[in-house]
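Laboratory data are not the source of any read-out in this text; all were calculated from the coordinates shown. Quantities reported herein were computed from a predicted structural model and do not represent experimental measurements. Note that we place each Cβ from the backbone using ideal geometry, even for glycine, and neighbour counts take in every protein chain shown.
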């Protein structure tokens, strides 16, 4: 991983909300977190070991600990580790891909917006193999990442994205790493992982809007009239996420 990721000044590029409707974003993130707990935490036995990779400052520690689980986090950035510690979250320094845990010891591994920031698909595969190593026999791995086909060129507008991520790629990589797909869901931004026709319609609308805003002629027009920043905020609000739940084969 680049040294800058471990630099204390790095979070300065993450301080702005960067969202079209920040107040709605806060509400949507809350719904997303509730969906994660309902879908993936509820089946866990009380006291299960949960590990959050690169948890940042917005991990699910409070929710999992309130549910009676043994939650801990790993974080590369020293400033973010300090914020987590101030929140009372057990967090340790690490450098991917090695996970400082015993083999077959973790019941649920979480990876939210992390895998796409690894430099190459090779490093991502190494990460999957390491996650498989630490998973308990019936353990699960939840990866949430931007879905490239639903983002278009917006995916590469984030200079921190190292390799192209999509549901198809993640599924194929998981199979080669000896992991099986237990479930998969989509979300528009961090809105909700709830399924149903309403979510599908919302995704189609978001994809269509992203496709339109990413057309070269539209991007040039937007830039020429000084609306590039507004367009970028819209695209960052409606980007597409994929959530894939994996288990050992």
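General observations
- Rounded Å value of the spacing that divides the Cα centres of segment 185-208 and segment 20-89: 22
- Gain in span if fully extended, residue 160 to residue 95, counting 0.36 nm per residue against the direct Cα distance: 21.8 nm
- With Cα atoms, 0 to 90° folded angle of helix 22-36 axis to the chain main axis: 30
- Sorted from greatest to least, the principal axis extents spanned by the alpha carbons of segment 110-208 come out as 39, 31, 19 Å.
- In degrees, nearest ten, helix 167-176 long axis to first principal axis of the chain (Cα): 30
- Helix 121-134 axis, angle to the chain major axis (alpha carbon atoms, nearest 10°): 30
- A crude spin-label estimate for the pair residue 229 and residue 168, with each label 7 Å from Cα along the Cβ direction, gives 3.8 nm.
- Only Cα pairs under 8 Å and 6+ residues apart enter the sum, and on that basis the relative contact order of segment 3-248 stands at 22 percent.
- Relative contact order computed over segment 24-115 (Cα-Cα under 8 Å; 6+ residues apart), in percent: 31
- Among beta bridges that DSSP assigns inside the chain, antiparallel share in %, nearest 5: 50
- Legend: ranking of residues 160, 236, 132 from fewest to most surrounding C-beta atoms inside 10 Å; resulting order 160, 236, 132.
- Pairwise label distance in nanometres, residue 126 with residue 217, each label 7 Å out on the Cα-Cβ vector: 4.5
- Across segment 3-248, the volume of the C-alpha convex hull divided among the residues equals 126 Å³ per residue.
- The fraction of all Cα pairs in segment 181-249 landing in successive 5 Å bins from 0 to the largest distance is 3, 16, 21, 18, 14, 12, 8, 5, 2, 1, 0, given as whole percents.
- Pairs of Cα atoms nearer than 8 Å and 6+ residues apart set the relative contact order; for segment 91-234 it is 21 percent.
- Applying 0.36 nm per residue to the separation of residue 249 and residue 102 and subtracting their alpha-carbon distance, the gain on full extension is 51.0 nm.
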